[in-house]
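Asks: My questions all concern the structure below.
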Amino acid sequence: MCGINGYILLENNFSEQKKNGLMLALNKMNDLIIHRGPDSEGVFFKENVGFGFRRLSIIDLSNHADQPMVKNDLGLAIVFNGEIYNYLEVKKDLIDKGHVFNTDSDTEVILNAYKEYGEECVHYFNGMWAFAIYDYQTKKVFCSRDRFGVKPFYYCIKDNVLFFSSELKALHSVCDLKNANLAKVYEYLAYGYRVNDGETFFEGCNELLPGTKLIVKNNKIEINRYWELKENQYQHDPSLTYEQEYRRLFEDAIKIRYRSDVPVAILLSGGLDSTAISKVTDQLIENGGLNQTDIHAYTASFPDFEENETETVRGFIKTCKNIKLHEMEIDQNDLVSSFEKTLSELDHPLGSFASIAHNNIMKLCKERGIKVVLNGQGSDEAYAGYSRYIAGVFLVDVLISKPKTFLSEFRSLNTLNGFSKLFLVSQMFKAIINQSTASFLRAKYQEKSISVLKKNFVEANRKHFKNPYKFSAKEGSFQRYLLHQINNSGINQILHYEDVSAMNQSIEIRSPFMDYRLMEFAFSIPIEYKFSKGVTKKIQRDTIGKDLPKGIVNDRNKIGFKTPFLDYLKSDEKFKSYVSSILNSDSFNSKHIWDAEKIRRQFNNIESNESFPYWRILNLEVWAKSYNISNL
């Protein structure tokens, strides 16, 4: 797990002065992402290519595995951020084909796999990655991002040079990125979205989409998708039930994510997903399926916050023989005092205050010497975890495909999940209208964010948001909606903030539920194995759930990672004073995109509208100030 930087000159006739300037720029980029890899640093220069690297040593801790890794016998050089979890299996196949290895790293496996399979090598990998390979025999640069975009890959073209990096701040430093992408700013302020469309908050700067490759040859850039999550991709084993397949996949996804030459810990909450990972980990240790036997789990809490899950976690951990629990209390003063510094470090505006809290949790883990943690991200998006947000789409799909079961499904959501009939009907209406229209109506009438934005700013950017998901009267709209959330929307935003906040503290996050096999499996089984009678993630509850406390398995109140942001905003005097200084600053008042006075009135009367995007307003202002944005 590391940070990568690089440049590729897109011209043949360049001066030595320009090349020397690029070398200096690359070193500067490396310095800016030292947090991603404090263990070692390296650079590589050859012809019109430069690679930079910061290393966080996880697999093969020797300096032989340092990067950039160059194999002259293969004519290849690489910078790679991430983990190939099945590298041992891929390595064995390559050895059988005659390949020779000099390290125990997964980085060398990528190089040899590329030599053997070419660009198709990525289809052999199970992992998370962003890498660039320079083939100096064919004069080609091959860049790839993992299937779901767990690891970032940003790029920018300036003066006939393609720069790339793991973080935007590095590109900002060398590409003079002073203008915001106004359309992305609008989508963020109005809707809270980080749409997965390849654009970033900086004008002229892009990210390589998940499951996509970028190739540079003969000074030309070619970008193509090599994989996308679709329905019915998974090849089922006819000798197994769906429950047996799920259990087998889940156990293997966890096992291979414990491959590490440093200890791997667990981030534990009181929810179904992280407790399932912990329970299976404990069982694998019991039956000899894991080499690691000293597993530590870490749980975090906010003092006096009503959503504190500490007691649930304490009760659960008593059922695990081989996992030791550590409790971490989030210091409110630390959260508030580090607010601006943390937002500046986390690259671009983030979805919620949870990003700040997550960064502080990672900071506490770092203080305990942790480098790698497992978390439960991905299950909710693939296996229908958030019933509140998907109930409408689900009910409409049931009404179309299985009308005889509609009333029983509606009653379950009403009586067992506690959703009012009016809420469910409104969600069904929302499900059948265009999502961009629904988002605009929510922004205008519920959050009331549109009212504080300047009319010309709204009109100029409103049509930029194009949603590839469209309601269809054909059955199957529920699966398509969940696919959309993974391929185009929700999960991308979560993965981004988790990567940037974890790596800001030099910690790697591994997510078993993001294993592409589990994801493909999720969209190759009938809906009732995911969502039925108000029960979300049903197959998980019916398998691993049998070994978990009933209180966790039967809990239907899926709320996500809640933080007491509004409590701080209303009652913490120090934070209120800081917010007031922002809202009354010359920078805030000079913005052409919003009405500063209207925003101040909202902040002075929070109780009247707690749905207003207070967080997004503050985050955008701090980000613009940190990066000297000049066009807002």
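Asks: Going through Phe410, Phe394 one at a time, which residue ends up being assigned to a helix (DSSP H, G or I) and crowded, with 23+ Cβ neighbours inside 10 Å?
Replies: Values: Phe410 fails: crowded, with 23+ Cβ neighbours inside 10 Å.
Step by step, each of Phe410, Phe394 is checked, and only Phe394 is assigned to a helix (DSSP H, G or I) and crowded, with 23+ Cβ neighbours inside 10 Å.
Asks: Now for a separate question. What single numbered condition from (1) crowded, with 18+ Cβ neighbours inside 10 Å; (2) polar (S, T, N, Q); (3) out of contact with any Asp or Glu (no Cβ under 6 Å at 6 or more places or on another chain); (4) over 30 Å from Leu88 (Cα atoms) fails to hold for Asn181?
Replies: (3)
Asks: Can you go through Leu268, Leu284 and tell me which one is touching a Leu at 6+ places or on another chain (Cβ under 6 Å), among the hydrophobic types (A, V, I, L, M, F, W, C), touching a residue at least 24 places away in the same chain (Cβ under 8 Å) and farther than 27 Å from Ala130 by Cβ? Can you show your working first?
Replies: Values: Leu268 fails: touching a Leu at 6+ places or on another chain (Cβ under 6 Å).
One residue alone meets the criteria, Leu284.
Asks: Scanning the range 456-474 for residues that are modelled with pLDDT of 80 or more and outside any helix (DSSP H, G or I), which turns out surrounded by the most Cβ atoms within 10 Å (Cβ to Cβ)?
Replies: Within the range 456-474, the subset modelled with pLDDT of 80 or more is 456-464, 473-474.
So of that shortlist, the ones also outside any helix (DSSP H, G or I) come out as 473-474.
Details: Ala473: 8, Lys474: 10.
Among residues in the range 456-474 that are modelled with pLDDT of 80 or more and outside any helix (DSSP H, G or I), the one surrounded by the most Cβ atoms within 10 Å (Cβ to Cβ) is Lys474.
Asks: Then there's this: Is there a residue being crowded, with 22+ Cβ neighbours inside 10 Å, assigned to a loop (DSSP other than H, G, I, E, B) and not assigned by TED's automatic domain parsing to the domain that holds Ile84 anywhere in the range 513-527?
Replies: yes
Asks: Given (1) buried (at least 19 other Cβ atoms within 10 Å of the Cβ); (2) touching a Gly at 6+ places or on another chain (Cβ under 9 Å), identify the lone condition not met by Gln283.
Replies: Failing condition for Gln283: (1).
Asks: Kindly establish whether Lys454 is of a type in the set (Lys, Arg) and farther than 21 Å from Phe603 by Cα. Spell out how you get there, then give the answer.
Replies: Details: of a type in the set (Lys, Arg): yes; farther than 21 Å from Phe603 by Cα: no.
It is false that Lys454 is of a type in the set (Lys, Arg) and farther than 21 Å from Phe603 by Cα.
Asks: So, one more: Quick check, is Tyr258 more than 17 Å from Leu88 (Cα to Cα) and modelled with pLDDT of 95 or more? Write out each step before concluding.
Replies: Details: more than 17 Å from Leu88 (Cα to Cα): no; modelled with pLDDT of 95 or more: yes.
In short, no.
Asks: A further question follows. Which residue out of Asn48, Asn27, Asn5, Asn63 is under 30 Å from the mean Cα position of the chain (by Cα) and either within 14 Å of Ala132 (Cβ to Cβ) or of a type in the set (Phe, Trp, Tyr) (or both)? Spell out how you get there, then give the answer.
Replies: Numbers: Asn48 fails: under 30 Å from the mean Cα position of the chain (by Cα); Asn27 fails: either within 14 Å of Ala132 (Cβ to Cβ) or of a type in the set (Phe, Trp, Tyr) (or both); Asn63 fails: either within 14 Å of Ala132 (Cβ to Cβ) or of a type in the set (Phe, Trp, Tyr) (or both).
On inspection, the qualifying residue turns out to be Asn5.
Asks: On to the next question. Restricting the range 440-465 to residues that are in contact (Cβ under 8 Å) with a residue 12 or more places away in the chain and farther than 14 Å from Tyr188 by Cα, which is nearest to the chain's Cα centre (by Cα)?
Replies: At the first step, the residues of the range 440-465 found to be in contact (Cβ under 8 Å) with a residue 12 or more places away in the chain are 440, 442-443, 446-454, 457-458, 460-462, 464-465.
Going one step further and asking which of them are farther than 14 Å from Tyr188 by Cα, we end up with 446, 451, 454, 460.
Details: Gln446: 27, Ser451: 31, Lys454: 31, Ala460: 29 Å.
Out of the qualifying residues, it is Gln446.
Asks: Can you give me the number of residues within the range 528-562 that are at pLDDT 90 or above, outside any helix (DSSP H, G or I) and not hydrophobic (A, V, I, L, M, F, W, C)?
Replies: Result for the range 528-562: 8.
Asks: Could I ask something else about it? Restricting to the range 29-45, name every residue that is under 20 Å from Lys19 (Cβ atoms) and touching a Ser or Thr at 6+ places or on another chain (Cβ under 7 Å).
Replies: The one that is under 20 Å from Lys19 (Cβ atoms) and touching a Ser or Thr at 6+ places or on another chain (Cβ under 7 Å): Met29.
Asks: Any residue in the range 588-612 that's touching a residue at least 24 places away in the same chain (Cβ under 8 Å): show its pairings with residues that are part of a strand (DSSP E or B) and aliphatic (A, V, I, L, M) at Cβ separation under 7 Å, as long as the two are six or more apart or on different chains.
Replies: Ile593/Leu453; Trp594/Leu453
Asks: May I ask you to verify whether Asn434 is under 27 Å from Leu272 (Cα atoms), out of contact with any Leu (no Cβ under 9 Å at 6 or more places or on another chain) and not assigned by TED's automatic domain parsing to the domain that holds Thr543? So that I can check it myself, show each step before the final result.
Replies: On the way: under 27 Å from Leu272 (Cα atoms): no; out of contact with any Leu (no Cβ under 9 Å at 6 or more places or on another chain): yes; not assigned by TED's automatic domain parsing to the domain that holds Thr543: yes.
Considered against the rule, which asks whether it is under 27 Å from Leu272 (Cα atoms), out of contact with any Leu (no Cβ under 9 Å at 6 or more places or on another chain) and not assigned by TED's automatic domain parsing to the domain that holds Thr543, Asn434 comes out as no.
The values are calculated or read from the model by the stated rules, or taken from the named source; none is laboratory data. Please read these numbers as outputs of a predicted model, since none were measured by experiment. Don't worry about glycine lacking a Cβ; one is built from the backbone with ideal geometry, like all the others, and counts go over all protein chains shown.
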